[in-house]
1. Checking residue 171 against (1) at pLDDT below 95; (2) touching a strand residue (DSSP E or B) at 6+ places or on another chain (Cβ under 9 Å), which test does it fail?
2. Out of 140, 179, report the one residue that is within 19 Å of the chain's Cα centre (by Cα) and within 16 Å of the ligand (Cβ to nearest atom).
3. So for the range 43-55 (the condition being part of a loop (DSSP other than H, G, I, E, B) and within 12 Å of the ligand (Cβ to nearest atom)), does at least one residue qualify?
4. Determine whether the range 65-73 contains at least one residue that is buried (at least 19 other Cβ atoms within 10 Å of the Cβ) and in contact with a helix residue (DSSP H, G or I) (Cβ under 7 Å, 6 or more places away or on another chain).
5. Look through the range 1-42, keep the residues that are within 24 Å of residue 164 (Cα to Cα) and assigned to a strand (DSSP E or B), and return whichever of them is nearest to the chain's Cα centre (by Cα).
6. Answer yes or no: is there a residue in the range 248-260 that is buried (at least 19 other Cβ atoms within 10 Å of the Cβ) and assigned to a strand (DSSP E or B).
Ligand code: IP8
């Protein structure tokens, strides 16, 4: 397998209209597929978030909190997972249209969590896909949990896990802001973009970023950053880039300079 693996997360806030339930941002999905294709990477794992497909349903049915014993919640789990499958299909279709050999990989069918953390993740199928030259496309999902019956596994937990296991060269997180700021840039005009953050600085920053205002069951930017810490500790650099702006993702994937935040160990 190529040593230069990139693990890329496409944020739900970019590929969906986060304030409109079950509404994809199709022009953004198509544009991102084109940008990924034009970067011509040798080895790539793609993970996407839930946006207005996963989060409103997960919230409505309290999926993250675990199984409450009621049949109505089972239906809620099914609906949440199915909404993610529908979003995943849009992403994979767009990638295939750009001649990327993308294959949908559904986390709930083989990953188990224990109290919301990844517990078992048989990697053989993914390893084979990568060895053959496919681009696996995973997503934040409603998954089965040893303690809680089921829960929500965020795409962010997935990318850190995958980057560590496969010793990825880098993680790129495509979001709808220019990177990490001193506080929430959507709430505070004075928020300043940070071009480079070390692990040590990250811990202080965590308290300042603020919660996302959208109904994000996995916790928005602070949780996103928290999830990256184990990967950064292992030496994986994380680039947080605004992929809602045209060409940014393509430049980032090619290693060109782009307005963003780099999170590194030192
Ligand atoms: O957007 C959450 O994934 P995320 C997925 O990566 C669901 O946090 C189903 C809400």
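The values are calculated or read from the model by the stated rules, or taken from the named source; none is laboratory data. Being a predicted model, the structure only gives us computed values, none of them experimental. Positions of Cβ are generated from backbone atoms using ideal geometry, with glycine treated the same way; all protein chains shown enter the neighbour counts.
1. If we test residue 171 against (1) at pLDDT below 95; (2) touching a strand residue (DSSP E or B) at 6+ places or on another chain (Cβ under 9 Å), just (1) comes out false.
2. Among 140, 179, only 140 is within 19 Å of the chain's Cα centre (by Cα) and within 16 Å of the ligand (Cβ to nearest atom).
3. Yes.
4. No, because not a single residue in the range 65-73 is buried (at least 19 other Cβ atoms within 10 Å of the Cβ) and in contact with a helix residue (DSSP H, G or I) (Cβ under 7 Å, 6 or more places away or on another chain).
5. Among those residues, the one meeting the criterion is 9.
6. For the range 248-260, residues buried (at least 19 other Cβ atoms within 10 Å of the Cβ) and assigned to a strand (DSSP E or B): present.
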